[in-house]
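A.B. asks: Here it is, the structure, as structure tokens.
Rule-based calculations on the coordinates, nothing more; no lab input. Remember, predicted model here, so these are calculated numbers, not experimental data. Here Cβ is always computed from backbone atoms with ideal geometry, including for glycine, and neighbour counts include all displayed protein chains.
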Amino acid sequence: MYLPKIVTPRIIDQRIKNQQGLFMLIPIDFDPDPNPNPDLDPGVKTKKRRNRIQSRINTLLYTNKENEAVAFTIPCCMKEKIRKELSNIGISKSFIYPDATHYAEDIADSYLN
């Protein structure tokens with residue numbers, strides 16, 4: 001396992017189906033050191049191993065031309081607008097968490113808004 005793996009879960013209930021969740025398995029470095037050196041300090045060996053694992057994880061990062069990780073920030077003022085747009089296409093709390101409590105919250109929200 002040299003790269004992180006994306007795993008889709010078994011669909012065991014409506015919540016899992018609606019969330020369409022994915023899980024990421026982070027690689028663990030079981031490989032022996034490619035350049036073993038018995039005189040090397042154990043702290044340096046640990047750092048080299050950590051760097052190898054981190055470089056494998058970094059294959060999933062979205063980077064710019066300077067090879068810096070790009071962060072996406074959604075402004076707080078857009079939260080309600082995004083929720084309304086999602087609701088318009090049928091994605092609400094009760095869609096993601098199909099239980100009585102969330103159905104009741106959706107009904108209450110429809111009367112309050």
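A.B. asks: State, to one decimal in nm, how far the label point of ALA69 lies from the label point of ASP39, with both points 7 Å from Cα in the Cβ direction.
C.D. replies: My value for the distance between the label points is 3.6 nm.
A.B. asks: Starting from the Cα-Cα distance between ILE91 and THR8, subtract it from 0.36 nm times their residue separation and give me the gain in nm to one decimal.
C.D. replies: Values: separation 83, 0.36 × 83 = 29.88 nm, distance 2.02 nm.
Between ILE91 and THR8, full extension yields 27.9 nm more.
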